[in-house]
Amino acid sequence: MSKTLSGLSRRIVEKGLIAQETASELAEKAKEAKISFITQAVTSGAINSKIVALIASEEFGLPLLDLASFDTELIPQDLIGASLIEKHRIIPLFTRGNRLFVGQSDPSHILGIDEVKFSTGMAVEAIVVEEDKLAVTLDKIVNASDNSLEEAFGDLDGTLDEVDLEDPEAKAKEQETDVTPGDDAPIVRFVNKMLLDAVRIGASDIHFEPYEKRYRIRYRTDGVLKEVSQPPINLAGKIAARLKVMSQMDISERRIPQDGRIKMKISKNKAIDFRVNTLPTLWGEKIVLRILDPSSAKLGIDALGYEEDQKQLYLEALSNPQGMILVTGPTGSGKTVSLYTGLNILNVEGTNISTAEDPVEINLEGINQVNVNNKVGLDFASALRSFLRQDPDVVMVGEIRDLETAQIAIKAAQTGHLVLSTLHTNSAAETLTRLANMGVPAFNIATSVSLIIAQRLARRLCSSCKTPAEIPPETLQEEGFTEEQISHGDFFSPVGCPHCNGGYKGRVGIYEVVKVTDAVSRIIMSGGNSIEISDAARREGFANLRTSALKKVAMGTTSLEEANRVTMD
């Protein structure tokens with residue numbers, strides 16, 4: 001018998017179903033076409049598909065399944081890529097625990113089983129199916145995948161393929177990853193498009209979210225999340241894998257959260273950083289990208305929305321050789337931009353500046369930036385201790401979270417260093433009482449803290465479509481506006497147009513800037529609470545967040561609804 005015959009082909013000849021010469025010819029043709037003997041024999045009409053399946057089942061001791069009676073809608077297509085399915089003519093049927101059952105017409109093709117094992121990380125068991133019915137099912141799966149890609153991504157601009165990862169390590173990892181261009185090119189273009197569109201419209205975050213029956217992508221624009229796309233749910237794994245490759249994460253790890261970064265070069269002179277975090281949820285990995293535009297840190301203090309007196313207080317505090325400036329507010333209130341703006345003002349040749357951040361969001365030339373890493377013991381406190389041995393002039397601590405960090409920062413502020421940091425509190429007065437609650441002595445707080453900035457970000461009314469608001473004077477008075485503001489203010493409401501997002505375009509800062517004066521210091525040292533400190537700040541002439549927000553409303557910068565949203569804590 002010819003050496004080209006083995007396994008199933010030999011058994012078929014032995015049973016007298018095909019002549020030896022015919023089988024040898026079929027085997028040679030199958031080899032040339034790079035397909036299995038079974039596929040060649042059935043498609044050429046040399047043998048009945050059902051008979052081959054029965055022989056294969058008997059030869060290999062495997063169960064036989066009739067695909068005609070199997071609901072193909074139940075096939076878990078997201079487990080195996082369409083390229084792998086088409087390459088090895090193998091289809092996923094169902095799972096039981098960590099076992100994946102696959103259908104194939106030629107069980108001697110072990111390479112396909114091995115690749116599926118490697119791709120899924122699951123134990124794989126084969127079930128014999130008839131070749132002709134397998135071919136029909138394969139066409140359905142592959143066509144459905146192509147249609148899903150086309151439907152989800154449409155006619156994407158080919159130039160999106162050219163978006164480049166600036167980080168050499170990210171490029172190397174992308175090249176090392178086994179990607180089939182024909183199958184994954186639309187995914188690459190789609191992910192690039194989502195990232196570029198987010199940058200173009202000024203979004204701050206991108207959310208990729210899998211659910212049981214749908215997958216959605218949302219942008220946070222001007223502080224508000226809005227859905228922008230709903231790709232097919234079976235593409236969730238591919239999108240997640242692409243993002244993880246770009247951000248240098250472990251694509252095989254789906255059980256624990258991961259952090260990464262993407263540095264995307266969008267033109268010859270401009271690159272955008274994305275901070276990436278994955279979170280395993282019930283239906284897959286949710287991935288959130290924070291867009292870090294370095295240009296936002298170089299806007300200048302005049303662009304941030306400080307009132308003139310507030311700006312002068314900040315600049316005076318920055319000019320002091322020592323003391324502590326604290327910026328406070330919830331996540332997403334613009335604290336980082338305020339701090340970086342101050343650091344840029346201080347960033348001159350004769351000043352040594354060091355920062356400890358978790359993580360470093362924006363790279364600043366001329367400033368020594370340190371990423372804290374709690375896993376190896378590099379926390380804020382240890383980084384701060386090290387800074388003090390490096391002849392610093394200015395120190396920035398990403399956040400004061402505990403007594404140890406607070407004590408070291410205060411000691412630095414008392415010994416000839418300017419310290420900048422943040423806390424998560426709602427107002428300037430609460431920032432001072434938070435330090436006291438941590439265990440910092442009142443005297444140290446009063447003598448080291450020089451300025452507190454509490455802030456929020458409010459959406460700015462679109463100048464193209466905002467319309468005058470008809471608000472009764474009685475209502476304005478109840479909201480807290482002064483008689484002068486009611487008489488001479490310009491009040492507007494949002495409308496919405498093609499140039500904006502629901503009547504708003506961009507954001508403006510709302511600030512409470514409080515200098516720790518002698519009067520405020522006395523209340524701190526006497527153990528006063530946040531209400532007493534706040535009252536003392538008002539008597540000293542420092543506007544609180546509500547007053548600052550109402551002033552922006554009276555100037556026509558934002559709406560009363562928006563002011564209420566960001567200041568009604």
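The values are calculated or read from the model by the stated rules, or taken from the named source; none is laboratory data. Keep in mind it's a predicted model, so treat the numbers as computed, not measured. Note: ideal-geometry Cβ built from the backbone for every residue, glycine included; neighbour counts use all protein chains shown. These area figures cover heavy atoms from the full protein model, side chains too; ligands, DNA and RNA do not enter into them. Shrake-Rupley method; radii C 1.70, N 1.55, O 1.52, S 1.80 Å.
List of remarks:
- Residues (open to solvent by 30 Å² or more (accessible area, probe 1.4 Å) and farther than 27 Å from Glu561 by Cα) located in the range 492-518: Lys515, Asp518
- Candidates Ala185, Ala170, filtered to the one that is at pLDDT below 85, part of a helix (DSSP H, G or I) and in contact with a strand residue (DSSP E or B) (Cβ under 9 Å, 6 or more places away or on another chain): Ala170
- Checking each residue in the range 324-357 for being assigned to a strand (DSSP E or B) and either hydroxyl-bearing (Ser, Thr, Tyr) or open to solvent by 40 Å² or more (accessible area, probe 1.4 Å) (or both) picks out Thr328, Ser354, Thr355.
- Residues in the range 190-216 that are surrounded by fewer than 20 Cβ atoms within 10 Å (Cβ to Cβ) and over 29 Å from Gly334 (Cα atoms): Tyr211, Glu212, Lys213, Arg214.
- Criterion: within 26 Å of Asp205 (Cα to Cα), crowded, with 19+ Cβ neighbours inside 10 Å and without any contact (Cβ under 8 Å) to a residue 24 or more places away in the chain - qualifying residue of Val372, Val360: Val360
- First in the range 114-129 and without any contact (Cβ under 8 Å) to a residue 60 or more places away in the chain, second anywhere and small (Gly, Ala, Ser), Cβ under 8 Å, 6 or more apart: Lys117/Ala123; Ser119/Gly81
- Filter result for Arg456 (open to solvent by less than 30 Å² (accessible area, probe 1.4 Å), part of a strand (DSSP E or B), among the charged types (D, E, K, R) and closer than 30 Å to Arg200 by Cβ): yes
- Residues that are modelled with pLDDT under 55 and either among the aromatic types (Phe, Trp, Tyr) or not in a helix (DSSP H, G or I) (or both) were ranked within the range 121-154; the one that is surrounded by the most Cβ atoms within 10 Å (Cβ to Cβ) is Phe153.
- Any hit, the range 273-292, residues being more than 10 Å from the chain's Cα centre (by Cα), under 24 Å from Ile233 (Cα atoms), outside any loop (DSSP other than H, G, I, E, B) and among the charged types (D, E, K, R): yes
- Output for the range 13-32, where each listed residue is part of a helix (DSSP H, G or I) and closer than 17 Å to Asp132 by Cβ: Leu26, Ala30
- Sole exception among (1) open to solvent by 70 Å² or more (accessible area, probe 1.4 Å); (2) closer than 23 Å to Ala185 by Cβ for Gly237, by number: (1)
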